[in-house]
Amino acid sequence: MAKAFILSNQTFVREGIKGFLKEAGEIEIAGAESYSQSDVPAIDKDVEILIVDLCAQQDPTGLVKKMRRVREDAKVIAICSAYATENAVKALDSGAAAILTHECRADELTIAIKKVRAGDNFVQPDIAMEIFKEMRAKEANRAEAEKLRLTVREAQVVRHLKLGKTNRQIGECLDISEKTVKYYVGILKDKFSAANRLEIVLHAQRLSI
């Protein structure tokens, strides 16, 4: 019988999942604990499945990666908000094998467990289309970002623009003249087809640059 460990900061979620698993009768519950970004409880080496509630977490990408480092061989089933498809995509990109929401049914959790144990992925049908749309949009943005081919210096200038720094401040940070910064801002306007600095920042944020 496979072992599962439940990680959620909400008692009713932990208890609800435990109830689902007990009803299914195919999974042994190795533990159910709360956690934080910096404090993940000890998890037995023979735990095969990590069920992680990502709702209200600021960094789902880092969290899922950390869970996978804690238990490299375990399959991660992430629970996300039905309205936070961006976090669901980030969880999948970070190595989660399945995505569920708090609105999932017991049979969907059972299916997800069977799928991930067999080496497959599972996305709750209710949100699958929205997640796939988000994934397609993210892939399109990634392709667009690659076409821009920003140089190292251009990327550095973009990062400082996103922090709201002036040309003079950017020049001081990068040890270049204010005139050189202005030159790079002009290049970035052309590459992003932007009318001003704000549009550069908005495009960069959209493309995760």
Averaging 1/r across every pair of distinct alpha carbons in segment 62-207 and inverting yields a Kirkwood hydrodynamic radius, in angstrom, of 17.9
For helix 178-192, report the angle its Cα long axis makes with the longest principal axis of the Cα atoms of the chain; keep it between 0 and 90° and round to the nearest 10°. 60
Give me the distance in nm between label points sitting 7 Å out from Cα along the Cα-to-Cβ direction at residue 189 and residue 168, one decimal. 2.0
Can you compute the label reach from residue 153? Point 7 Å from Cα along the Cβ direction, backbone N cut-off under 13 Å, restricted to segment 179-206. 179-188
Each label sits 7 Å from Cα toward the beta-carbon; between residue 107 and residue 175 the label points are separated, in nm, by 6.6
Normalising by the residue count of segment 2-127, find the relative contact order in percent from Cα pairs under 8 Å and 6+ residues apart. 22
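Which entries in the list 18/114; 22/66; 75/147; 66/191; 90/133 go over 25 Å, if you measure between the two C-alpha atoms of each? Mind dumping the intermediate values first?
Numbers: 18/114 16 Å; 22/66 27 Å; 75/147 34 Å; 66/191 36 Å; 90/133 13 Å.
Violating the 25 Å Cα-Cα cut-off are 22/66; 75/147; 66/191.
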Go through 99-107, 186-194 and give me the packing order, highest mean Cβ count within 10 Å leading. 99-107, 186-194
Once fully extended, how much extra length lies between residue 26 and residue 196, figured as 0.36 nm per residue of separation less the alpha-carbon to alpha-carbon distance? 55.3 nm
As a test of the formula, what do you get for the chain when each DSSP H run with n ≥ 4 contributes -39,500 (n - 2.57) and the sum is divided by the residue count, at 222 nm and rounded to the nearest 500 deg cm²/dmol? -17000 deg cm²/dmol
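Taken together, the values in this text are just the output of simple stated rules run on the coordinates, not laboratory data. The structure displayed is predicted, hence computed values, not measured ones. Positions of Cβ are generated from backbone atoms using ideal geometry, with glycine treated the same way; all protein chains shown enter the neighbour counts.
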